[in-house]
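Undergrad: Dropping the structure in here first, questions after.
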Amino acid sequence: MNTEHFRPTQFVYDEESDTIRCPAGEILRPSGKHTRNRAIRYRTSACKDCQLKSRCTPGAQRTIHRLVDQSALDRMERRVYADPSLMRIRRCTVEHPFGTIKRMSGGGRFLTRGLRKVKAEAALSVLAFNIIHAVNAFGSETMIAKG
């Protein structure tokens, strides 16, 4: 990334009006959506006359992309910064299954190729983990009797 230009974090999002304010004070409005990466594109026509354009973009105008779910990510980030112990809890509860599945699959490499086949292989790995977890939690006799 070019360090002589403004970073996207220097642009301020206003949730109420769904606009972004640039460092020069101009308002960028939504101008389209990227459905593949679930992002909204924000632009303004004020770039051509802007005094800070040389510090903002080498192109004709600056474009900022904001994820559709960015407000949820921002809320989560604020919660984690407010209470760092949440990450400890996450590591203990969420990361453990991924490590176990990786160990069960021999290092985390997929045996198949292609997105569809890899998704199926991942789903089977998660199913196997859940079955093992249930057997460990309730016992094999309980699982057979209820099955």
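Undergrad: If I fit a long axis through the Cα atoms of helix 115-138 and take the longest principal axis of the Cα atoms of the chain, what angle between them do I get, 0 to 90°, rounded to 10?
TA: Relative to the chain, helix 115-138 is tipped by roughly 50 degrees.
Undergrad: Quote to one decimal, in nm, the extra length available between His96 and Leu115 on full extension: 0.36 nm per residue of separation minus the C-alpha distance between them. Mind dumping the intermediate values first?
TA: Working: separation 19, 0.36 × 19 = 6.84 nm, distance 2.45 nm.
Here the segment from His96 to Leu115 would lengthen by 4.4 nm.
Undergrad: Something else now. Apply 1/(1 + (r/R0)^6) to the Cβ-Cβ distance of Arg103 and Ser71, taking R0 = 35 Å, and write down the FRET efficiency to the nearest 0.05.
TA: 0.45
Undergrad: Using 0.36 nm per residue of separation minus the Cα-Cα distance, give me the extension gain between His133 and Thr35 in nm, one decimal.
TA: That works out to 31.6 nm of additional length.
Undergrad: Here's another thing I want to ask about it. Report the calculated FRET efficiency for Ser45 and Leu86 (r = Cβ-Cβ distance, R0 = 35 Å), to the nearest 0.05. Could the numbers behind the result be given before it?
TA: Working: r = 42 Å, r/R0 = 1.21.
FRET efficiency, Ser45 to Leu86: 0.25.
Undergrad: Report, to the nearest 10°, how far helix 70-82 tilts away from the longest principal axis of the Cα atoms in the chain, using its own Cα long axis and a range of 0 to 90°.
TA: Between helix and principal axis, roughly 70 degrees.
Undergrad: How much net charge surrounds Thr63 when only other residues with a Cβ under 10 Å from its Cβ are counted (Lys, Arg +1; Asp, Glu -1)? Present the calculation step by step, with values, prior to reporting the outcome.
TA: Details: positive: Arg41, Arg43, Arg62; negative: none.
That works out to +3.
Undergrad: Could you state the principal axis extents of the C-alpha atoms in the chain, from the largest down, to the nearest angstrom?
TA: 75, 39, 28
Undergrad: If the chain between Leu52 and Thr19 were fully stretched, how many nm would it gain, using 0.36 nm times the residue separation less the Cα-Cα distance?
TA: Going from the current span to full extension adds 10.0 nm.
Undergrad: Give me the Å³ per residue figure for the convex hull around the C-alpha atoms of the range 1-80.
TA: Convex hull volume per residue, Cα atoms: 115 Å³.
Undergrad: Among residues other than Ala123 whose Cβ falls under 14 Å from its Cβ, what is the net charge (Lys/Arg +1, Asp/Glu -1)?
TA: Surrounding charge for Ala123 is +2.
Undergrad: Separation of the range 87-147 and the range 26-67 by C-alpha centroid, Å?
TA: Taking the Cα centre of each part, the range 87-147 and the range 26-67 sit 43 Å apart.
Every number in this text was worked out from the coordinates using simple rules, so none of it is lab data. Model, not experiment: these values are computed from the prediction. As a convention, Cβ positions derive from the backbone with ideal geometry for all residues, glycine included, and neighbour counts pool all protein chains shown.
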